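The values are calculated or read from the model by the stated rules, or taken from the named source; none is laboratory data. Source: prediction; values computed, not measured. Positions of Cβ are generated from backbone atoms using ideal geometry, with glycine treated the same way; all protein chains shown enter the neighbour counts.
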């Protein structure tokens with residue numbers, strides 16, 4: 001496997017591009033309000049195709065009198081975030097960084113431990129299947 005940061009960034013960019021181009025209804029204003037489903041799909045992809053222990057992480061913070069939530073993937077101390085550009089402080093569409101090097105992500109307080117991504121329609125009836133199919137197709141075409 002290439003250097004972790006380069007490999008994870010390449011995979012994250014592929015997942016983001018495929019998810020956005022899939023015509024998935026819940027991603028119509030991507031990245032705004034799409035962090036949860038996007039992080040779920042990214043973590044699933046990294047688990048399923050690369051056998052990485054990708055975890056789904058969610059956090060909350062209070063800003064200007066509002067409660068905000070955000071989600072990303074975490075792998076062996078690496079944050080992989082494909083929707084942080086929905087916030088004005090982050091310009092990069094894909095962030096891959098060691099967790100200790102991201103004071104911005106540290107501001108998000110989590111009420112739950114990192115967990116495996118949801119992969120089942122039984123657990124998530126509105127699963128973003130169109131986006132998942134596009135990610136699968138993109139992965140397959142890269143491997144050929």
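Within segment 93-144, how many residues are touching a strand residue (DSSP E or B) at 6+ places or on another chain (Cβ under 8 Å), closer than 19 Å to residue 49 by Cα and not in a loop (DSSP other than H, G, I, E, B)?
2
Does any residue in segment 66-79 that is in contact (Cβ under 8 Å) with a residue 24 or more places away in the chain and on the phi < 0 side of the Ramachandran plot come within less than 7 Å, Cβ to Cβ, of a residue that is surrounded by 12 or more Cβ atoms within 10 Å (Cβ to Cβ) and part of a loop (DSSP other than H, G, I, E, B) six or more places away or on a different chain, and which pairs are these?
70/108; 73/54; 74/114; 75/52; 75/53; 75/54; 79/102
In this structure, is residue 70 modelled with pLDDT of 90 or more, buried (at least 19 other Cβ atoms within 10 Å of the Cβ) and part of a strand (DSSP E or B)?
yes
Tell me, which residue of segment 2-50 that is in contact (Cβ under 8 Å) with a residue 60 or more places away in the chain and not in a helix (DSSP H, G or I) is nearest to residue 74 (Cα to Cα)?
The extreme case among them is 31.
How many residues does segment 89-111 contain that are surrounded by fewer than 12 Cβ atoms within 10 Å (Cβ to Cβ) and touching a residue at least 24 places away in the same chain (Cβ under 8 Å)?
Residues that pass the stated criteria total 2.
Just a yes or no: is a residue in segment 51-63 over 15 Å from residue 12 (Cα atoms), in contact (Cβ under 8 Å) with a residue 40 or more places away in the chain and within 12 Å of the chain's Cα centre (by Cα)?
yes
Go through (1) within 27 Å of residue 25 (Cβ to Cβ); (2) assigned to a loop (DSSP other than H, G, I, E, B); (3) out of contact with any helix residue (DSSP H, G or I) (no Cβ under 7 Å at 6 or more places or on another chain) one by one and return the number of the condition residue 59 breaks.
Here residue 59 clears every test but (2).
Could you look through segment 112-141, keep only residues that are exposed (fewer than 11 other Cβ atoms within 10 Å of the Cβ) and in contact (Cβ under 8 Å) with a residue 40 or more places away in the chain, and pick out the one that is farthest from residue 20 (Cα to Cα)?
112
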